Amino acid sequence: MTRRTEWPGSPAEPGGDPESGYGHTDAFAAARGAAADDVGARSGRRSRGGASAGSGFGEGAGRRARSGTRSSGSPSSSRAEKGEPRDPVEQARNICLRLLTGTPRTRKQLADALRKREIPDEAAEEVLARFEDVGLIDDAAFAGAWVESRHHGRGLARRALVRELRTKGVDSAVIDEAVGQLDADQEEETARELVARKLRSTRGLDRDKRLRRLAGMLARKGYGEGMALRVVRQALEEEGEDTEGLDEPF
């Protein structure tokens, strides 16, 4: 059975991600700062006239932008005037760091964002690989946190969690390992809690309508038909409903 972890930065707290249901941890924030210094130092060594080691991102680019020649109407000149880096690797780093400020993201999510911003593939791959090396991108940690948060926060079953992680580009083997932390007993316990919370609002309806409404709620959250029917039937029996004939699939 999975031990529930309280994640900081929930949707009701500052810094949370309404979509994911959890925010970055203090450890992640510390890792981000350390990694930024590390990658920034490497940028200073590789870029002529760039920032010095440990100075962070964008500082050297800002100096280059301010000292560069301004050409009226030129897109590169406009970026320079705004202090944006012209080196695609620096651009990619800045984009990734901004996206990672609010919440962890998968490699695919960051890669899609860089592609949308027309960052060259070579520059994008360099930055993404480096971020993986220093731990800023960790799809396995992301998937594990996602499963725990979405199961306890939204009551999602393994089937729904697999669907969500696939849309975020997480590898199938990583998904399998992450959802493996939920066993059948934990899923059924959560399903019972969901039905118990919804049961009162169905009182006064006929039995079949209650069944459809409660089972449909579980189905939308990814619970299988057999488990949903068993859980709903038991809940109705405890209220004194006649459940004869409810063994058939709904």
In segment 130-159, anything touching a helix residue (DSSP H, G or I) at 6+ places or on another chain (Cβ under 8 Å), within 30 Å of Glu225 (Cβ to Cβ) and open to solvent by less than 30 Å² (accessible area, probe 1.4 Å) is listed as Ala143, Gly144, Trp146, Val147, Arg150, His151, Gly155, Leu156, Ala157
Per the filter on segment 208-221, residues more than 24 Å from Trp146 (Cβ to Cβ) and either surrounded by 12 or more Cβ atoms within 10 Å (Cβ to Cβ) or among the β-branched types (Val, Ile, Thr) (or both) are Arg210, Leu211, Arg212, Arg213, Leu214, Ala215, Gly216
Leu229 meets each of (1) within 28 Å of the chain's Cα centre (by Cα); (2) of a type outside the set (D, E, K, R); (3) surrounded by 12 or more Cβ atoms within 10 Å (Cβ to Cβ) with one exception, condition (1)
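Take segment 90-99 and flag every residue that is in contact (Cβ under 8 Å) with a residue 40 or more places away in the chain and in contact with a helix residue (DSSP H, G or I) (Cβ under 6 Å, 6 or more places away or on another chain).
Those that are in contact (Cβ under 8 Å) with a residue 40 or more places away in the chain and in contact with a helix residue (DSSP H, G or I) (Cβ under 6 Å, 6 or more places away or on another chain): Glu90, Arg93, Cys96.
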Cβ pairs under 6 Å, 6+ apart or interchain, first in segment 160-183 and closer than 11 Å to Ala140 by Cβ and surrounded by fewer than 19 Cβ atoms within 10 Å (Cβ to Cβ), second acidic (Asp, Glu) and at pLDDT 95 or above, ordered by first then second residue, are Val174/Asp139
Residues in segment 119-129 that are open to solvent by 30 Å² or more (accessible area, probe 1.4 Å) and either touching a Cys at 6+ places or on another chain (Cβ under 9 Å) or more than 22 Å from Ser172 (Cα to Cα) (or both) total 4
Among residues of segment 146-194 being hydrophobic (A, V, I, L, M, F, W, C) and modelled with pLDDT under 95, the residue nearest to Arg233 (Cα to Cα) is Ala184
Note on segment 184-207: residues of a type in the set (D, E, K, R) and open to solvent by less than 70 Å² (accessible area, probe 1.4 Å) are Glu187, Glu188, Arg207
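The values are calculated or read from the model by the stated rules, or taken from the named source; none is laboratory data. If you're wondering where the values come from, they're calculated on a predicted model, not measured in any experiment. Positions of Cβ are generated from backbone atoms using ideal geometry, with glycine treated the same way; all protein chains shown enter the neighbour counts. Areas reflect the complete protein model, heavy atoms only, side chains present, ligands, DNA and RNA absent. Shrake-Rupley method; radii C 1.70, N 1.55, O 1.52, S 1.80 Å.
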